[in-house]
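Everything below concerns the one structure shown next.
The values are calculated or read from the model by the stated rules, or taken from the named source; none is laboratory data. Nothing here was measured: the structure is a model prediction, and the numbers come from that model. As a convention, Cβ positions derive from the backbone with ideal geometry for all residues, glycine included, and neighbour counts pool all protein chains shown.
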Ligand code: HPA
């Protein structure tokens, strides 16, 4: 049996449906993961939950120990990861509270510990990353969305910025020209580290706001909270259907 992990982002700091049987702190060669791992069951399927930004929510995107999180999940026997992430919308379908299952990534981050293959062991390793997300998990998420009658965009390019500030309008305009449909701050190096260490990984993105310059005025934390409230409820419904079929 494969073990499933769900990484929760802003707006999903816990999984209400998770019947927790154990909490485990894992020490890794890369330091401490974001939080204790909550291990339990949903509908008789074993599920491990990790709050990406810590519990309580205190770790900004650029300070998350992505390597420790991935190493610990692998150590706990996880094969499949669904990463839930709050993002900003760029292209027309990505309206506030909408959901997307990205199929591509453009990485704009810098200064993050972004690889397990840092050359310290004297080896040079390049992994293929043509298709950054697991096609198997994406297909299951798309099927679950149909089963649960939750609307999603099944294809989207995730542009990952450094944060923690939001983008300028010009940056969002450039990202749109680059082909990004949505913008977040945690998709990388999370996705590549999962791949480097041999886990399947897919993301479920929840639109918290329109990207900078897409609407008049500034982006407010109040609108982000309001949109995430609606979007995360739909994400939870989709995840229930995904786990039921897992
Ligand atoms: N930009 C980057 N990350 C985000 C945003 C955004 O507008 N909204 C939520 N996460």
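Can you say whether residue 201 is in contact (Cβ under 8 Å) with a residue 40 or more places away in the chain, buried (at least 16 other Cβ atoms within 10 Å of the Cβ) and assigned to a loop (DSSP other than H, G, I, E, B), as far as the supplied structure shows?
So residue 201 does not fit the description; no.
Would you tally the residues in segment 156-175 being surrounded by fewer than 14 Cβ atoms within 10 Å (Cβ to Cβ) and assigned to a loop (DSSP other than H, G, I, E, B)?
Of the residues in segment 156-175, 3 are surrounded by fewer than 14 Cβ atoms within 10 Å (Cβ to Cβ) and assigned to a loop (DSSP other than H, G, I, E, B).
Can you tell me which condition residue 244 does not meet? The list is (1) crowded, with 19+ Cβ neighbours inside 10 Å; (2) away from the ligand (no atom under 16 Å from the Cβ); (3) more than 16 Å from residue 106 (Cα to Cα), and all the others hold.
Exception for residue 244: condition (1).
What's the number of the only condition in (1) more than 9 Å from the ligand (Cβ to nearest atom); (2) in contact with a strand residue (DSSP E or B) (Cβ under 7 Å, 6 or more places away or on another chain); (3) over 17 Å from residue 141 (Cα atoms) that residue 201 fails to meet?
(3)
It is to be established whether one or more residues within segment 30-38 are in contact with a helix residue (DSSP H, G or I) (Cβ under 6 Å, 6 or more places away or on another chain), modelled with pLDDT of 95 or more and not in a loop (DSSP other than H, G, I, E, B).
Yes, that holds for at least one residue.
Among the candidates 50, 18, 73, single out the residue that is in contact (Cβ under 8 Å) with a residue 40 or more places away in the chain, farther than 22 Å from residue 224 by Cβ and touching a strand residue (DSSP E or B) at 6+ places or on another chain (Cβ under 7 Å).
73
Using the structure shown, decide if residue 60 is under 28 Å from residue 107 (Cα atoms) and within 16 Å of the ligand (Cβ to nearest atom).
Yes, satisfied.
Considering segment 94-128 alone, what residues qualify as being crowded, with 16+ Cβ neighbours inside 10 Å, within 16 Å of the ligand (Cβ to nearest atom) and assigned to a loop (DSSP other than H, G, I, E, B)?
94, 96, 97, 98, 102, 108, 109, 112
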